[in-house]
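Read the structure below first, then the notes.
The values are calculated or read from the model by the stated rules, or taken from the named source; none is laboratory data. What you see is a predicted model, and the numbers here were worked out from it, not measured in a lab. Note: ideal-geometry Cβ built from the backbone for every residue, glycine included; neighbour counts use all protein chains shown. Note: areas computed on protein heavy atoms with side chains; ligands, DNA, RNA excluded. Shrake-Rupley method; radii C 1.70, N 1.55, O 1.52, S 1.80 Å.
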Amino acid sequence: MGLSAIECPDGVCHSHHGGHAVQRDAMQSVLRDHGRAWCERLAERIYEMSVDTFTQTVMPSLHAAGWQRRHLDWEFKLAEQGSEPDRTLVDGIINATESFLRSSEVHRLFIQELVEGTFEEASDQHLQRQAVQHLIEQELLTLLSEQKDDLLDRCSAQLLGDAEGNFELARTAAGEGLEEVERLLANHAEAI
């Protein structure tokens, strides 16, 4: 499962790092009483408060003179001389991070995922999730592994024209594509 405000193993729901624990049926009752719209409004408000706090307290430190050198130089070996390109890149990444957090689409997706995940985690209907994990981990990934050479051959043949007849290029691209599919499937199984 993706994001959730709670974890509910063995019929007990726990807040993430909050120290609270309630029975699953009590959590289900509260979520049912408040409803999905209330939960969405609550998550939206907390998200907005978090982004505002980040912007007001963390962003000034990130942009402070010397901060980048103290915290990034040791790991990324920022240039001592002529470091304008390095500073430009770092500032750009910092600004992009803030833009990402303030994005209405990111905000919407975060809230949607959090609310859906919370309601799913509180439910005791986990059979579909188990089925998806089984299908991916035990069936699809195994099938891809067993038929890897045939899949790569067929995919390479499809790519041969775009690779201008270069079989090695087509085969390499097919292999990278198959690896990406396996990674996507594994990530999905892990996320649910």
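Here is the figure for the range 53-71: residues that are of a type in the set (A, V, I, L, M, F, W, C), surrounded by fewer than 14 Cβ atoms within 10 Å (Cβ to Cβ) and at pLDDT below 80 total 2. Is it true that some residue in the range 8-20 is at pLDDT 80 or above and farther than 30 Å from Leu185 by Cα? Yes. For first residues located in the range 90-109 and over 24 Å from Leu72 (Cβ atoms), partners that are in a helix (DSSP H, G or I) and open to solvent by less than 90 Å² (accessible area, probe 1.4 Å) and lie 6+ apart or on another chain with Cβ distances below 7 Å form the pairs His107/Tyr47. Scan the range 127-140 and give yes if some residue there is among the aliphatic types (A, V, I, L, M), at pLDDT below 95, within 22 Å of the chain's Cα centre (by Cα) and closer than 28 Å to Asp25 by Cα, otherwise no. Yes, because at least one residue in the range 127-140 is among the aliphatic types (A, V, I, L, M), at pLDDT below 95, within 22 Å of the chain's Cα centre (by Cα) and closer than 28 Å to Asp25 by Cα. Out of the residues in the range 31-52 that are under 15 Å from Ala122 (Cα atoms) and open to solvent by 70 Å² or more (accessible area, probe 1.4 Å), which is nearest to the chain's Cα centre (by Cα)? Looking at the filtered set, the residue picked out is Arg36. Give the range 166-192 a look and list any residue that's open to solvent by 90 Å² or more (accessible area, probe 1.4 Å) and in contact (Cβ under 8 Å) with a residue 24 or more places away in the chain, or say none. Scanning the range 166-192 gives a single hit, His188. Applying the criterion of being open to solvent by less than 40 Å² (accessible area, probe 1.4 Å) and modelled with pLDDT of 65 or more to the residues of the range 79-91, the residue that is nearest to the chain's Cα centre (by Cα) is Val90.
Screening the range 109-192 for helices (runs of 4 or more DSSP H) wholly inside it with 1 or more residues that are of a type in the set (Phe, Trp, Tyr) returns the ranges 167-191. Entry remark, the range 112-154: residues being open to solvent by less than 70 Å² (accessible area, probe 1.4 Å), free of Cβ contacts under 8 Å to residues at least 12 places away in the same chain and aliphatic (A, V, I, L, M) number 1 in total. Is it fair to say Met1 is modelled with pLDDT under 85 and under 16 Å from Glu116 (Cα atoms)? It is true that Met1 is modelled with pLDDT under 85 and under 16 Å from Glu116 (Cα atoms).
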